[in-house]
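These notes are about the structure you will find just below.
The values are calculated or read from the model by the stated rules, or taken from the named source; none is laboratory data. Here the structure is a predicted model, which is why all the values come from computation and not from measurement. Counting neighbours? That spans all protein chains shown, and the Cβs are built from the backbone with ideal geometry, glycine included.
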Amino acid sequence: MRPSWMLRLFAAFGLLVLLAPGALVLVVSFSAGDFLTFPPPGFSLRWYEALFTHAGLMSALATSALLAAAVSALALLVGAPAAYAIARLDFPGRGVLATLLMAPLLLPTLVLGLGLLLVLQPLGLVATWPGLMLGHSLVAIPFAVRIMTTAFAAVPKELEAAAWTLGATPLRAALRVTLPNAAPGAIAAGVLTFLVSFDETVISLFLVGPRLTTLPVEMFRYAERTTDPLIAALAMSLIVFALLMVAVVERLMGFTRAMGRD
Amino acid sequence: MSGAAPHLRLEGLTRHYGGAPAPAVDAVSLDLPRGALLALLGPSGCGKTTTLRMIAGLERPDGGRILVGGQDVTALPPHRRQMGVVFQSYALFPHMTAAGNAAFGLEMRGLGRAERARRAQAALEMVGLGALAGRRPRQLSGGQQQRVALARALAIEPELLLLDEPLSALDAKLREGVRDEIRALQQRLGTTTVFVTHDQTEALAMADLVAVMDAGRVEQLAPPEEIFERPATRFVATFVGRAARLAGRLEPGGVFRCGGGLALRSASGLAPGPAEAFLRPHRVRLLAPAEAPPPGFDNLLDATLARRTYTGEVIALETETAAGPVMAELHAGTDEAWRGLAPGAPLRLAFRAADLAVFPAP
């Protein structure tokens, strides 16, 4: 059945409401004025220029990118074997393990952040790379496990059985046969965990310090202090970056399928 | 150990799935000589695939032993068994070329790159796919994929070749050709082979030995001719080939008494009691009105033609007798008598005592 024009109108309205703030930011990011006002007094690229020469934000960007890459790698290293075990092996407590690995997603990040602060403070790990990596991995690993479980489950078990009969040990069969066939899932998991870490704000607020800070936290602070369109230029840059990443995943395996919700 | 020792021996092999009331494989024992092809034949769920998977090591038996060349391999994991397996789904590695698939087992054995490539190519050429070595599985047709799977299994020069319904995914036209190719290749290489199928024609045409299975048990293990002509159990008589089934009683001396008080001779040595007799259509001879039965044809039946089905080569006749419905057949090419036959025509049927297979009533 074709959707009625009423439904289409309603959907269009919904989409408009969802996208309007983004469109607003897009327009403002090209402003020639000194303040976050709409409509802008004129158009220019000055705030993009200002953004890329802002030392504080650029340093935070480098930190965030590096941190996200490290978190993504760690999440895959931990998440892929766990996902393989959940998807392939039959052992007591499998359901419990799967639930435990998802649990961090159910807790408010505020609670996670506070908990991490209480644990990491005495250890001297606040505002350090290991501390941030640990905090971000806590929320990134569940995504990696979820996506990789779906990816492993989609590889026929017979392939592995065939590899065994040809002389491959279970480990070699998993690495040479199952893993390559789950590669699109691994790439999707890598990209999504990267974005999870890159966008993470609440946990970071608890764990950063003057020595080490991430981009979302710096943005937050910048927006608190100043009201110029630089923040709009930054927001636009990040949106474009995230869209590119999602496009990569979509291209590789379909975003919705990667999330295991088809 | 003598040269006549079986290459594969199953001793009381049993597999019981949790929750199932009866074992999937129930104390299966059999011997297979070196170089022979064994067909495990039976309906779906009879335990034939589970038996094959246990031989491959992909499933663990709950009881019994598997011996290969006298060695007990029951506890060995699949990667240490040297079994070439062709799966029903072929299970080709989609991320590798045909050559990569064929070389996989050699790579696992630590062979050098050049040696691997040479032997993989040789295996692909053996199945007639030498020219398509660079293709990936999805670029190959079903028949070609099947050959790659066979080449991959044979490349490791396996102790045993295990085939799980390898023809079932092919269309009917291809099937016969591939069947004969597999058989020819198997005989040329002398590879001891176990073949799972639900198709009796396949089993009879390819195998040296057929094990007919039902409900986890081997009903009969014999060469194809014997399976077909001398079924050992009621199940084999009904599952393999077509046969008319007559209900009655077995009396002393092998006399089978059936409907209408008719007494038929059989070669049965069973104890007297309620029984069922099976008679294959190709064993029934049609007699001309005044014709005397040939020597040895001890049983004579008066019949009425109920239906005649022309299938090209064979004319299938369904007749009514006092004993019940009996099937017969004529060859369109050599038997001219069928041309005049119409339903309702009286017929005289003759058959040997030995061709009436009698089993106790279920």
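One table, with the values for the structure above:
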| read-out | value |
| --- | --- |
| Test: residue in the stretch A:4-22 that is modelled with pLDDT of 90 or more and crowded, with 17+ Cβ neighbours inside 10 Å | no |
| Close pairs from the stretch A:237-259: first over 18 Å from A:Thr149 (Cα atoms), partner at pLDDT below 80 and small (Gly, Ala, Ser), Cβ under 8 Å, at least 6 apart | none |
| Evaluation of B:Val127 against (1) of a type outside the set (Phe, Trp, Tyr); (2) within 21 Å of B:Ala169 (Cβ to Cβ); (3) within 14 Å of another protein chain (Cβ to nearest Cβ); (4) in contact (Cβ under 8 Å) with a residue 40 or more places away in the chain (one fails), failing number | (3) |
| Scope the stretch A:161-184; condition facing chain B (nearest Cβ under 9 Å) and more than 10 Å from B:His95 (Cβ to Cβ); matching residues | A:Ala161, A:Ala162, A:Ala163, A:Trp164, A:Thr165, A:Leu166, A:Gly167, A:Ala168, A:Thr169, A:Pro170, A:Arg172, A:Ala173 |
| Among residues of the stretch B:123-174, those that are of a type in the set (A, V, I, L, M, F, W, C), farther than 16 Å from B:Ala91 by Cβ and not in a loop (DSSP other than H, G, I, E, B), counted | 8 |
| Odd one out for B:Arg217 among (1) closer than 24 Å to B:Gly57 by Cα; (2) within 14 Å of another protein chain (Cβ to nearest Cβ); (3) not polar (S, T, N, Q) | (2) |
| Counted residues, the stretch B:39-65 - those being within 14 Å of chain A (Cβ to nearest Cβ) and on the phi < 0 side of the Ramachandran plot | 10 |
| Residues being more than 15 Å from the chain's Cα centre (by Cα), crowded, with 19+ Cβ neighbours inside 10 Å and part of a strand (DSSP E or B) - total across the stretch B:209-248 | 3 |
| Odd one out for A:Ala69 among (1) in contact (Cβ under 8 Å) with a residue 24 or more places away in the chain; (2) within 16 Å of the chain's Cα centre (by Cα); (3) crowded, with 16+ Cβ neighbours inside 10 Å | (3) |
| For B:Ala323: the one exception among (1) surrounded by 19 or more Cβ atoms within 10 Å (Cβ to Cβ); (2) of a type in the set (A, V, I, L, M, F, W, C); (3) farther than 13 Å from B:Leu287 by Cα; (4) under 26 Å from the mean Cα position of the chain (by Cα) | (4) |
| Residue check, A:Val202 under 18 Å from A:Leu105 (Cβ atoms) and surrounded by fewer than 22 Cβ atoms within 10 Å (Cβ to Cβ) | yes |
| Selection within the stretch B:41-96 - among the aliphatic types (A, V, I, L, M) and within 20 Å of B:Ala149 (Cα to Cα) | B:Leu52, B:Met54, B:Ile55, B:Ala56, B:Leu58, B:Met83, B:Val85, B:Val86, B:Ala91, B:Leu92, B:Met96 |
| Members of the stretch B:161-179 found to be over 28 Å from B:Arg109 (Cβ atoms) and surrounded by 21 or more Cβ atoms within 10 Å (Cβ to Cβ), listed by number | B:Leu167 |
| Any pair with Cβ under 9 angstrom, 6 or more apart, that starts in the stretch B:87-111 at a residue that is among the charged types (D, E, K, R) and ends at one that is in a helix (DSSP H, G or I) | B:Glu107/A:Arg176; B:Glu107/B:Gly100; B:Glu107/B:Arg113; B:Glu107/B:Arg116; B:Arg109/B:Arg116 |
| Residue in the stretch B:335-346 that is within 29 Å of B:Gly253 (Cα to Cα) and part of a strand (DSSP E or B) present | no |
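The rows are residues; the columns are (1) free of Cβ contacts under 8 Å to residues at least 60 places away in the same chain; (2) buried (at least 17 other Cβ atoms within 10 Å of the Cβ); (3) within 30 Å of A:Ala154 (Cα to Cα).
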| position | (1), (2), (3) |
| --- | --- |
| A:Phe35 | no, no, no |
| A:Phe38 | yes, no, no |
| A:Ala85 | yes, yes, yes |
| A:Ala103 | yes, no, yes |
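Okay, residues lined up against (1) crowded, with 23+ Cβ neighbours inside 10 Å; (2) touching a Gly at 6+ places or on another chain (Cβ under 8 Å); (3) of a type in the set (Asp, Glu):
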residue: B:Glu115; (1), (2), (3): no, no, yes
residue: B:Ala123; (1), (2), (3): yes, no, no
residue: B:Gly134; (1), (2), (3): no, no, no
residue: B:Pro137; (1), (2), (3): no, no, no
residue: B:Leu150; (1), (2), (3): yes, no, no
residue: B:Glu159; (1), (2), (3): no, yes, yes
